[in-house]
Amino acid sequence: MDGGNVSVWKICANKKYTYLVTTTIAVLIAIVFNISLPNTFVSQEVLIVESSAPMNLLVGADMYARELMKKNHTSPVANNSFAYKNVFHSSMMINSIKNKNVKETSGKTVTMEQHIKKNYKGAWWESLFGDKNTDDIIRDRLKYEIKLKPVIIIVQYEDEDENVSSQVTNALTSMLNDYFKDLNMQRIQPDLDYYKKRRQELGLEYKESSKKYSDYQDSHYGTELQAEQSQIEFLRNEMNSKYEEYSKACIMYKRAEMYTQQLQSVSTRIKTSQTFTSKNTMTWVASIAVALFLAVIMTSWYVLLKAKYGKNR
């Protein structure tokens with residue numbers, strides 16, 4: 001086995017000139033590749049998904065859950081981090097970015113769509129596959145990464161203009177919050193309206209039953225007739241029952257109301273990274289390293305295959 005390994009190294013070592021030529025070509029290709037790429041600015045934001053509920057939201061939590069199951073309601077998107085995956089590249093998000101007003105470094109304020117049409121510079125080979133539309137450009141330049149426990153979302157956007165890149169990334173937090181707040185409110189609003197109406201209806205019913213009980217008890221005060229005493233007991237029980245239903249509706253309404261308060265903040269910015277250029281020392285080193293690695297692997301494969309083929313002949 002060792003002898004075989006030595007012979008392989010000897011075969012490769014005897015082809016130093018071949019390796020020198022291929023690695024030089026690979027480095028030149030990597031340099032040309034990097035030069036041909038447009039220089040863009042990348043901005044990043046680190047967001048944390050708000051998943052903890054205030055303690056007061058525990059009021060009537062079990063009762064509220066049972067009621068939702070009875071009514072077969074769809075619960076709100078309770079800050080589900082996986083839902084973000086369906087939002088970042090959605091038409092809603094792309095349109096929000098496309099129609100956003102941004103201030104360029106020159107001081108001119110334009111929409112993102114106007115900015116992209118004027119300033120976008122793609123790689124030279126992109127023209128071989130046809131021109132990209134604005135939506136595709138935004139979708140390609142908008143990137144995100146989701147990490148769990150705690151739920152952290154890293155979002156970034158790149159652009160030819162440093163100021164524009166930073167403005168779009170900063171706006172992503174509010175865009176996401178607005179979207180999820182609207183979506184959650186659409187789902188919670190029916191419950192809020194339902195329990196508000198039920199609270200009013202049951203409140204009136206409780207007042208009526210309370211008045212009916214008081215009036216009957218006052219008009220038959222001190223009665224010893226069994227029928228009248230049974231009627232007083234019946235009206236008292238009916239009043240208590242109406243009060244329990246009314247109290248339950250009040251709790252359900254308060255719970256739904258508190259839920260809407262919780263949904264005011266879906267994600268919070270915890271870190272803003274300094275804007276950096278796409279063409280930096282790290283990208284140059286990485287691209288050249290990858291080019292050298294591939295050149296060595298492919299050259300070794302060629303040299304060994306040729307040696308084996310020549311030996312068999």
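The values are calculated or read from the model by the stated rules, or taken from the named source; none is laboratory data. If you're wondering where the values come from, they're calculated on a predicted model, not measured in any experiment. Neighbour counts run over all protein chains shown; Cβ positions are idealised from the backbone, glycine included. The protein model used for the area step is the full one, side chains on, heavy atoms only, and it has no ligands, DNA or RNA in it. Shrake-Rupley method; radii C 1.70, N 1.55, O 1.52, S 1.80 Å.
Can you find a residue that is farther than 30 Å from residue 188 by Cα and open to solvent by 50 Å² or more (accessible area, probe 1.4 Å) anywhere in the stretch 262-272?
Among the residues of the stretch 262-272, at least one is farther than 30 Å from residue 188 by Cα and open to solvent by 50 Å² or more (accessible area, probe 1.4 Å), which makes the answer yes.
When you go through (1) in contact with a Leu (Cβ under 8 Å, 6 or more places away or on another chain); (2) of a type in the set (D, E, K, R); (3) at pLDDT 75 or above one by one for residue 181, which number turns out not to apply?
(3)
So which of 288, 297 is assigned to a helix (DSSP H, G or I) and at pLDDT 90 or above?
After ruling out the rest, the residue left standing is 297.
Could you tell me whether the stretch 171-179 includes any residue that is more than 18 Å from the chain's Cα centre (by Cα) and either closer than 22 Å to residue 271 by Cα or of a type outside the set (Gly, Ala, Ser) (or both)?
Step one: filter the stretch 171-179 for residues more than 18 Å from the chain's Cα centre (by Cα), giving none.
No.
If you scan the stretch 121-132, which residues turn out to be open to solvent by less than 90 Å² (accessible area, probe 1.4 Å) and either in contact with a Pro (Cβ under 8 Å, 6 or more places away or on another chain) or at pLDDT 90 or above (or both)?
Answer for the stretch 121-132, where residues must be open to solvent by less than 90 Å² (accessible area, probe 1.4 Å) and either in contact with a Pro (Cβ under 8 Å, 6 or more places away or on another chain) or at pLDDT 90 or above (or both): 122, 123.
Tell me, yes or no, whether the stretch 161-175 has at least one residue that is free of Cβ contacts under 8 Å to residues at least 40 places away in the same chain and of a type outside the set (A, V, I, L, M).
Yes, there is a match, as at least one residue in the stretch 161-175 is free of Cβ contacts under 8 Å to residues at least 40 places away in the same chain and of a type outside the set (A, V, I, L, M).
Evaluate the following for residue 148: is it closer than 20 Å to residue 44 by Cα, aliphatic (A, V, I, L, M) and exposed (fewer than 14 other Cβ atoms within 10 Å of the Cβ)?
Yes.
Look at residue 27 and say whether it is surrounded by 14 or more Cβ atoms within 10 Å (Cβ to Cβ) and modelled with pLDDT of 80 or more.
When the stated conditions are applied, residue 27 passes them.
Among the residues of the stretch 193-201, are any at pLDDT below 90, within 30 Å of residue 92 (Cα to Cα), assigned to a helix (DSSP H, G or I) and open to solvent by 60 Å² or more (accessible area, probe 1.4 Å)?
Looking through the stretch 193-201, at least one residue is at pLDDT below 90, within 30 Å of residue 92 (Cα to Cα), assigned to a helix (DSSP H, G or I) and open to solvent by 60 Å² or more (accessible area, probe 1.4 Å).
Residue-by-condition table, conditions (1) under 21 Å from residue 167 (Cβ atoms); (2) modelled with pLDDT under 75; (3) not polar (S, T, N, Q):
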| position | (1), (2), (3) |
| --- | --- |
| 54 | no, yes, yes |
| 79 | no, yes, no |
| 84 | yes, yes, yes |
| 136 | yes, no, yes |
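Here are some residues: 216, 221. Which one is more than 30 Å from residue 256 (Cα to Cα), surrounded by 15 or more Cβ atoms within 10 Å (Cβ to Cβ), without any contact (Cβ under 8 Å) to a residue 60 or more places away in the chain and of a type in the set (Ser, Thr, Tyr)? Please lay out each step first, then the result.
Values: 221 fails: surrounded by 15 or more Cβ atoms within 10 Å (Cβ to Cβ).
Unique residue meeting the criteria: 216.
With respect to residue 240, is the statement that it is open to solvent by 60 Å² or more (accessible area, probe 1.4 Å), over 30 Å from residue 97 (Cβ atoms) and in a helix (DSSP H, G or I) true?
It is true that residue 240 is open to solvent by 60 Å² or more (accessible area, probe 1.4 Å), over 30 Å from residue 97 (Cβ atoms) and in a helix (DSSP H, G or I).
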